[in-house]
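Reading through the structure tokens given below for one structure.
A short reminder: the numbers here are calculations on the coordinates, not readings from a lab. Here the structure is a predicted model, which means the values were calculated and not measured. Glycine also receives a Cβ, built like all others from the backbone with ideal geometry; neighbour counts cover every protein chain displayed.
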Amino acid sequence: MSFDRNEFTRAMARVPGPVTVVTTVDGSGRRWGFTASSFTSLSLSPPLVLVCMDRAASTHGAFLEAGHFLINVLAQDQADIARRFAESGVDRFGAGDTTPLELGMPGIRDAAARVACSTQSVLDGGDHSILIGRVEAAHVGGEDPLVYCDRAFRRAAGVGPATRMAPVG
Ligand SMILES: Cc1cc2nc3c(=O)[nH]c(=O)nc-3n(C[C@H](O)[C@H](O)[C@H](O)COP(=O)(O)O)c2cc1C
């Protein structure tokens with residue numbers, strides 16, 4: 001059986017993932033951020049998480065240099081924020097939905113959760129870099145999280161077990 005790139009990406013699109021906005025601030029005080037669904041926990045002792053970042057992204061260099069980052073786990077009514085932080089060539093912070101929160105990094109106040117990290121290491125992940133973060137602070141919000149699956153934003157909570165997830169406009 002030969003590798004089929006298209007089948008691979010379609011298969012991975014079937015894997016439900018979180019929707020996060022990862023932010024940082026560089027040495028000059030400039031804010032950076034991008035939407036990422038590749039966020040996962042890695043270790044409890046020590047507390048580690050990871051997020052994978054496209055080497056070609058305009059934000060890649062800034063995140064490698066910053067030495068810290070904040071994961072905002074978006075709530076189910078925050079799909080618009082996810083779209084904006086994935087868009088190229090726009091002022092992602094222009095709408096004013098972030099404020100300095102954990103470690104002074106741009107935080108989304110009504111996020112489902114936030115995890116603030118110092119960068120422990122950066123590993124090679126093919127065309128992505130794997131940012132491993134040492135967790136410095138965590139916050140649990142009151143909203144249900146947004147989910148990305150089959151290339152659509154969906155609500156995970158409140159639909160009961162083993163039913164279809166509801167798409168979000
Ligand atoms: C739902 C969703 C999930 C994404 N997940 C990731 C991710 O895990 N890692 C990543 O590098 N880019 C991810 N992206 C793409 C980035 O948000 C962004 O579009 C990309 O870095 C290009 O940005 P640039 O214009 O700054 O180069 C995702 C986009 C969407 C809409």
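Once the chain from Leu48 to Ser121 is taken as fully extended at 0.36 nm per residue, the excess over their C-alpha distance is 25.2 nm. When the Cα gyration tensor is reduced to axis lengths a ≥ b ≥ c, the ratio a/c stays below 1.5 for the range 27-108, which is therefore classed as rounded.
In a DSSP loop and with at most 13 other Cβ atoms within 10 Å, the trypsin sites (Lys or Arg not before Pro) in the range 79-151 are Arg109, Arg151.
Using only side-chain charges placed at the Cβ, +1 for Lys and Arg and -1 for Asp and Glu, the dipole size of the chain relative to its Cα centre rounds to 260 debye. Taking 0.36 nm per residue of separation and subtracting the current Cα-Cα distance, fully stretching the chain between Glu143 and Arg5 would add 46.1 nm.
Centre-to-centre, using Cα atoms only, the range 1-37 and the range 55-108 are separated by 12 Å. Cut-off 10 angstrom, C-alpha nodes, Gaussian network model of the chain. Which of Ala112, Ala11, Ala66 fluctuates the most? Largest GNM mean-square fluctuation: Ala11.
The mean sequence separation of alpha-carbon pairs under 8 Å and at least six residues apart, normalised by the residue count of the chain, gives a relative contact order of 25 percent.
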